[in-house]
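This report refers to the structure that appears directly beneath it.
The values are calculated or read from the model by the stated rules, or taken from the named source; none is laboratory data. The shown structure was predicted, so the numbers you read here are calculated from the model rather than taken from an experiment. Using ideal geometry, Cβ is built from the backbone for each residue, glycine included, and neighbour counts are taken over all protein chains shown.
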Amino acid sequence: MALFDSWWNALQERSVAGTLSFWESIYKEIYLNFLSDARYMNYLRGLRVTLIVSALAALFGLALGIALALGRLSGARIGRFKYLSWIAGKYINIIRGTPMLLQLLIINFGIFGSVKMDKIFIGVIACGLNSAAYVAEIIRGGIQSVDKGQVEAGRTLGLTSGMTMQLIVFPQALKAALPSLCNEFITLIKETSILAYIALTELTKAADYIRSRTYSPFMPYIISGLMYLAVVTVLTKGIAVLERRLRQSDTGASAH
Amino acid sequence: MKKGLKAFSLIMAALLTLTMGAALAEDTLTMGTNAEFPPFEFVDGDAVVGVDAEIAAEIAKDLGLKLVIENMAFDSVIPALVSGQIDIGVAAMTVKPERLNSVDFSNTYYNARQACIVRKDGKVTDEETLKGTAIGVQNGTTGDYAAEGYSETVERYGKALDAVLELAGGKLDAVIVDAPVAQNIIDALNNDNLILLDNIEFEDEFYAVAVAKGKPELVESINKTIDRITEDGTLDAILLKYFPVADDAE
């Protein structure tokens, strides 16, 4: 660290004079935006918040999404009115039909406008509510992709329609939906960057903060971007492995 | 299909050249500012107006150029100067040593201080009770730097107004922002529960025009304009226009 500092000290005078060479200014950018004042810790703390919010929002979104998908397909009715299906349909339409940033601002400045609440909690709620709408459509697609014969077989065995869904249809639906679900989670990680708007110091806001201290046009964004990329790359690799495993059971199933 | 793609890329290339040409046009002076900082810069109708806009107009007049104002985030003004997207940054910007690493400043044109906004029924009443509370600021402003001296919990918003709204809603304990802006926002919100603390001594701060490194002629010309409007009373007239009450910030 002392070495990096001394390199910078040797450059500083000429930096103020504005006479750095190309490579020297690259070093200045990296030094100021990553090394000095332990700024890398700002990014890592931001990354931690991003990961926490993403994980909790994904869980919340998955739970609510499954409930919405089941509601969407539910036949529960008052007279002719399928109220569960109607509510779920309207919810999905509203969430998918409006920008997530607006939803976040409404939740932060409107719904929780005068409630003292942890910003992470607000972030989880906003991202989770949004993700749920997309998860619901993915799960619904998965359920509808399961062959009708499976339901008929289940009912023939004497299972109730609820048990058929729970034991036969839903596990297959989840498997079919898994790749799309994972994509949705990857999207979710990147979308948490809008939480910078409500002053939650996640990875994007960390870059904003560094930028406001070093005045670099873009270097902090590159560093944050590389961190997002690293996380998403690891996840993508994990998903690929998962999909391969699932395909193995596919070949087994086709031999019945 | 391929033809369509070719035509599309041709059009895009043409558009790009056109916009770049406009941005680099030599008869304009592009000013970057954050029009969320009344009375120094704010949006009125379609235009960005305020003290800084009028000073920039004087600078452009003396240079014989047409003034173009770009409204951006405050923490983007210096980066935009560094990358050459704008010519001058006039954004109620205080001369600070850290900023001199990236830009040069003209002579100063205004002496401002920070102010601390709190809720009348809140727990912050002076410098001692401010310590360790949740303080809201606009990211990268001198208020942001000042707040770091009082608390670990600094929430950084894109605009001062959002921070004040969170304070009014009880989510923050205090907001630190330039005094003229603080007064302006309190007046605009018309919320009796918001008050300015007058028992905290903040340092003097001096606003100046920021210019990218390596443009001594431009700085020279700006200094001449600032000297001129200071001497012939134009600056006082501009300040008086935007500060209805006698200018007591000095």
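Annotations
- Subset of the stretch A:54-81 (residues that are surrounded by fewer than 13 Cβ atoms within 10 Å (Cβ to Cβ) and of a type in the set (D, E, K, R)): A:Arg77, A:Arg80
- Taking first residues from the stretch B:216-229 that are of a type in the set (Ser, Thr, Tyr) and partners that are part of a helix (DSSP H, G or I), the Cβ contacts under 6 Å between residues at least 6 apart in sequence or on separate chains come to B:Ser221/B:Leu63; B:Thr225/B:Glu58; B:Thr225/B:Ile59; B:Thr225/B:Asp62.
- The residues of the stretch A:90-118 that are within 12 Å of another protein chain (Cβ to nearest Cβ), part of a helix (DSSP H, G or I) and polar (S, T, N, Q) amount to a single one, A:Asn108.
- Top-ranked residue of the stretch B:93-107 - restricted to ones that are of a type in the set (Ser, Thr, Tyr) and under 21 Å from B:Val51 (Cα atoms), ranked as nearest to the other protein chains (Cβ to nearest Cβ): B:Thr94
- Residue match in the stretch B:187-201 (condition: assigned to a helix (DSSP H, G or I), within 14 Å of another protein chain (Cβ to nearest Cβ) and within 29 Å of A:Leu195 (Cα to Cα)): yes
- A:Ser36 being within 14 Å of another protein chain (Cβ to nearest Cβ) and hydroxyl-bearing (Ser, Thr, Tyr): yes
Quick grid of which residues meet (1) without any contact (Cβ under 8 Å) to a residue 60 or more places away in the chain; (2) touching a helix residue (DSSP H, G or I) at 6+ places or on another chain (Cβ under 7 Å); (3) not aromatic (Phe, Trp, Tyr):
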| site | (1), (2), (3) |
| --- | --- |
| A:Trp8 | yes, yes, no |
| A:Glu13 | yes, no, yes |
| A:Ala17 | yes, no, yes |
| A:Trp23 | yes, no, no |
| A:Ile26 | yes, no, yes |
| A:Asn33 | no, yes, yes |
| A:Tyr40 | yes, yes, no |
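- All of B:Ser102, B:Ser106 fail the test of being over 14 Å from the mean Cα position of the chain (by Cα), surrounded by 16 or more Cβ atoms within 10 Å (Cβ to Cβ), under 15 Å from B:Val209 (Cβ atoms) and modelled with pLDDT under 95, apart from B:Ser102.
- Every condition in (1) away from every other protein chain (no Cβ under 12 Å); (2) farther than 21 Å from B:Thr33 by Cα; (3) surrounded by fewer than 23 Cβ atoms within 10 Å (Cβ to Cβ) is met by B:Asn184 except one, and the failing one is (2).
- Residues that are within 14 Å of another protein chain (Cβ to nearest Cβ) and either more than 19 Å from B:Gly169 (Cβ to Cβ) or surrounded by 18 or more Cβ atoms within 10 Å (Cβ to Cβ) (or both) within the stretch A:186-202 comprise A:Ser193, A:Ile194, A:Leu195, A:Ala196, A:Ile198, A:Ala199, A:Leu200, A:Thr201, A:Glu202, listed in sequence order.
- Filter result (surrounded by 16 or more Cβ atoms within 10 Å (Cβ to Cβ) and out of contact with any Phe, Trp or Tyr (no Cβ under 9 Å at 6 or more places or on another chain)) within the stretch A:146-163: A:Val151, A:Gly154, A:Leu159
- Failed item, numbered, when B:Leu235 is tested on (1) more than 14 Å from every other protein chain (Cβ to nearest Cβ); (2) surrounded by 16 or more Cβ atoms within 10 Å (Cβ to Cβ); (3) over 15 Å from B:Asn107 (Cα atoms): (3)
- Residue within the stretch B:70-93 that is free of Cβ contacts under 8 Å to residues at least 40 places away in the same chain and either assigned to a loop (DSSP other than H, G, I, E, B) or farther than 20 Å from B:Tyr145 by Cα (or both) present: yes
- Of A:Leu104, A:Leu84, all but one fail to be closer than 27 Å to B:Gly122 by Cβ and either touching a residue at least 40 places away in the same chain (Cβ under 8 Å) or surrounded by 16 or more Cβ atoms within 10 Å (Cβ to Cβ) (or both); the exception is A:Leu104.
- Whichever residue in the stretch A:216-227 is facing another protein chain (nearest Cβ under 8 Å) and surrounded by fewer than 24 Cβ atoms within 10 Å (Cβ to Cβ) and, among such residues, is farthest from B:Glu98 (Cα to Cα): A:Phe218
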